[in-house]
Protein chains: 2
Amino acid sequence: MRQAPKVVAFAGGVGGAKLAHGLAMLLPAGHLTVVVNVGDDFSHYGLHISPDLDTVMYTLAGIANPATGWGLADESWQFLAMLERYGEAPWFRLGDRDLATHILRTHALAQGETLTQITQRFVEQLDISHHILPVTDDRLATVIETVEEGFLNFQHYFVKYRWQPTVIGLNFEGSDRARLTEAVHHALSEADVLVICPSNPLLSIAPILAVQGARQAIEQRRVPCVTVSPLISGKAVKGPTDKLMREMGLLPTTEGIATYYEGLVDVLVIDRDDHHELAPVQARFPDLSIVHTQTLMRTIADRQTLAHRILNYVSEVTL
Amino acid sequence: MRQAPKVVAFAGGVGGAKLAHGLAMLLPAGHLTVVVNVGDDFSHYGLHISPDLDTVMYTLAGIANPATGWGLADESWQFLAMLERYGEAPWFRLGDRDLATHILRTHALAQGETLTQITQRFVEQLDISHHILPVTDDRLATVIETVEEGFLNFQHYFVKYRWQPTVIGLNFEGSDRARLTEAVHHALSEADVLVICPSNPLLSIAPILAVQGARQAIEQRRVPCVTVSPLISGKAVKGPTDKLMREMGLLPTTEGIATYYEGLVDVLVIDRDDHHELAPVQARFPDLSIVHTQTLMRTIADRQTLAHRILNYVSEVTL
């Protein structure tokens, strides 16, 4: 691969967005397409909210809140204060600037634009030189069955109940009818490398794979597919990945991740702190290339370093 | 009238809201019902905006922007800044706090609540001790025919074009089907006094009168109806009243106002600066009581003083 590769990265929220940002900084304009989960999308006060698309978009535009990873930097909360004045107790924090995204998107969708189209307009306006695509323009809704609270919509589980309930089932409503968009098909057909970002496999990547044609497209790939484990020493950097893997019967280890992605990835990147897991997992998955490096992305430079390590590795093995 | 009277006040935006506020401060809780124009309502970025209802609501709640008369005090504009980042050029200023009203209202209407119901909830939450009612829950849209720009929706005429185009026609779309609400009927049946606030007669009061049953209810009143001229020395305190009256073939004078409201009002309050118009107009309209006092409401105290003068006058003549 002498020229810069074309990369399709699959991502959910904060962790995935960080690696996507690293790739975006390294690759020439237009070479990266981030295919984003929309199973978390929901309607709040009548507004269509796409949390993962927003996180990826804000991160690649360099305007994400660096403290939280989601939402906008320098955000203000006057809307929320007034909402409380009206007796509302909003459990989902909508910032004043963030509202522009939700209101424009909701209005565009109501006028018949697709999520893909309105996202493309946002990406252009925010001067992002790569592509960000919802995995589907069809309805897809992650519903979580819990012991304590029964069935919960994703945002209720994640934000309202802070992922504390015990999960016994995951359902991606609409996935039997949801199709990959033409734009995603096109990006996949041109890709030299696929990257599954270190997002939560069960909450962020699974709904992407549940879309009709998605899993098959990755299984039948003719280009290498790399993933980065979202775990370090058996723990998620952020969020419920390890807790949820355990609840869903998967080991929260390198072996668990390798098992989950079997047949879908050629290269598994794990943190150097987990290098002791390399040999036993390698023995069980002889066709999998396992690489260890620093996967924790504390700084912007870390994002770029990890992206660089991935692209270099793929470039070496495919030369 | 020994007890405090029950008052129904008809109002549009800023000027009307000021007198309504004066009445609200004077009257015991629940004695005032402000019936508000909705011909200015419009949809902006998919949000249902009711400018006159908001101005009356914010004014009676004591949270209106004292400089502009509309919008909220201590407003911030982060949403608008982000909207511009997305390449929008919004001509209607939506404040961050103000958005709470529009979003809650739009959501409530989409869920089947009436404008009357959602307005009542707002009024309660904002601790307003009186009633604020849209004149109708049906569609009513003021459309303005102009020489320069053809047909314009109200907000385009008023905000976008700053009421500069020459008006040759006013149309209240939907008025042939729009009905007074039950709540307005009830308030009218209990009223001891009707007040037509010093709002623009052609833009704020005319759409109210155009609603089915409204003009008839006022013409067949059994209680006194008072209006305050929106003109002082032939000029509007704010906005296009005099310009528009001229364009629509009415004199922008006390006589023009008396002509416009003939049959609808028993008492016309004019500014003391216009006392020289009293005798000639009185001669032409012998059944009309004309009172002169200070009608300019610069301060909160001015609002209360004018309201007091009106209620006192009505109380004297009907004792």
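In whole Å, how far is the Cα centre of the stretch A:30-101 from that of the stretch A:272-289?
Between the Cα centres of the stretch A:30-101 and the stretch A:272-289 lies a distance of 38 Å.
Place a +1 charge on the Cβ of each Lys and Arg in the stretch B:226-319 and a -1 charge on the Cβ of each Asp and Glu, then give the dipole magnitude about the Cα centre in debye, rounded to the nearest 20. Let's see the in-between values first.
Values: 9 positive and 12 negative charges, 74 e Å.
Dipole of the stretch B:226-319, to the nearest 20 debye: 360 debye.
Would you calculate, for the protein assembly as shown, the mean residue ellipticity at 222 nm contributed by helices, counting each DSSP H stretch of 4 or more residues as -39,500 (n - 2.57) and dividing by all residues, to the nearest 500? Numbers along the way, then the final one.
On the way: 24 runs with 231 residues, N = 638.
Computed mean residue ellipticity for the protein assembly as shown: -10500 deg cm²/dmol.
Arrange the residues B:Arg162, B:Arg215 by how much accessible surface each exposes, largest first, with a 1.4 angstrom probe.
From most exposed to least exposed: B:Arg162, B:Arg215.
Measuring label to label, 7 Å along Cα→Cβ, what does B:Gln212 give against each other copy in nm, shortest first?
4.7
Residue farthest toward the positive end of the dipole of chain B, with Cβ of Lys/Arg at +1 and Asp/Glu at -1: which of B:Trp163, B:Gln120, B:His292?
B:His292
Net charge within 12 Å of B:Leu296 by Cβ-Cβ distance, Lys/Arg positive one each and Asp/Glu negative one each, not counting B:Leu296 itself?
Details: positive: B:Lys18, B:Lys235, B:Lys238, B:Arg272, B:Arg298, B:Arg303; negative: B:Asp271, B:Asp273, B:Asp274, B:Asp302.
Net local charge, B:Leu296 excluded: +2.
When chain B is modelled as a GNM with alpha-carbon springs shorter than 10 Å, which of B:Met25, B:Met57, B:Met248 fluctuates the most?
B:Met248
For the stretch A:185-319, just say rounded, prolate or oblate: build the C-alpha gyration tensor, square-root its eigenvalues into a ≥ b ≥ c, call rounded for a/c under 1.5, and beyond that prolate if a/b exceeds b/c, oblate if not.
On the way: a/c = 1.36, a/b = 1.13, b/c = 1.20.
The shape class here is rounded.
How many Å² of accessible area per residue for the stretch B:110-206, probe 1.4 Å? If you can, show how the numbers build up before the last one.
Values: 4530 Å² over 97 residues.
In whole numbers, the stretch B:110-206 has 47 Å² accessible per residue.
Where the centroid of each part is defined by its Cα atoms, how far is the stretch A:118-187 from the stretch B:102-167 in Å?
Value for the Cα centre distance between the two parts: 35 Å.
Roughly how large, in nm² to one decimal, is the mean projection of the convex hull of the alpha-carbon atoms in the protein assembly as shown?
If I average the Cα hull's projected area over directions, I get 31.8 nm².
Largest first, please: the extent of the C-alpha atoms of the stretch B:146-196 along each principal axis, to the nearest Å.
Principal extents (largest minus smallest coordinate, Cα): 45, 24, 17 Å.
Taking a quarter of the surface of the convex hull around the Cα atoms of the stretch A:79-198, what do you get in nm²?
So the mean shadow area of the Cα hull is 10.4 nm².
By its C-alpha gyration tensor, with a ≥ b ≥ c as the square roots of the eigenvalues, how is the stretch B:182-227 shaped: rounded for a/c under 1.5, else prolate for a/b larger than b/c, else oblate? Kindly include the intermediate steps, with their values, before the conclusion.
On the way: a/c = 1.88, a/b = 1.32, b/c = 1.43.
Oblate, because a/c is 1.5 or more while a/b does not exceed b/c.
In debye, nearest 20, what is the charge dipole magnitude of chain A about its Cα centre with +1 on Lys and Arg Cβ and -1 on Asp and Glu Cβ, if you could check?
Using Cβ point charges on Lys, Arg, Asp and Glu, chain A gives about 360 debye.
Sequence-distant or interchain residues sharing an amide H contact under 5 Å with A:Val291, placed H: which?
A:Leu268, A:Val269, A:Ile270
What's the whole-number percent of alpha carbon pairs in the stretch B:68-122 lying beyond 15 angstrom?
Percent of Cα pairs beyond 15 Å in the stretch B:68-122: 57.
So for the stretch B:1-84, what are the equivalent ellipsoid semi-axes in whole Å, largest first, each being the square root of 5 times an eigenvalue of the Cα gyration tensor? Display every interim value, and only then the final one.
On the way: eigenvalues 171, 42, 15 Å².
In descending order the semi-axes read 29, 15, 9 Å.
What is the distance in Å between the Cα centres of the stretch B:1-28 and the stretch A:209-232?
So the separation of the two Cα centres works out to 67 Å.
Quick one: compute a quarter of the convex hull surface over the Cα atoms of chain B and quote it in nm². Provide the component values of the computation, followed by the final result.
Details: hull surface 63.2 nm².
In nm², the orientation-averaged hull projection of chain B is 15.8.
Report, to the nearest whole %, how much of the accessible area of the protein assembly as shown belongs to carbon and sulfur atoms, 1.4 Å probe, protein only.
Carbon and sulfur atoms account for 48 percent of the accessible area of the protein assembly as shown.
The values are calculated or read from the model by the stated rules, or taken from the named source; none is laboratory data. None of these values were measured; they are calculated from a predicted model. Here Cβ is always computed from backbone atoms with ideal geometry, including for glycine, and neighbour counts include all displayed protein chains. Calculation scope for accessible area: heavy atoms of the full protein, side chains included, ligands and nucleic acids excluded. Shrake-Rupley method; radii C 1.70, N 1.55, O 1.52, S 1.80 Å.
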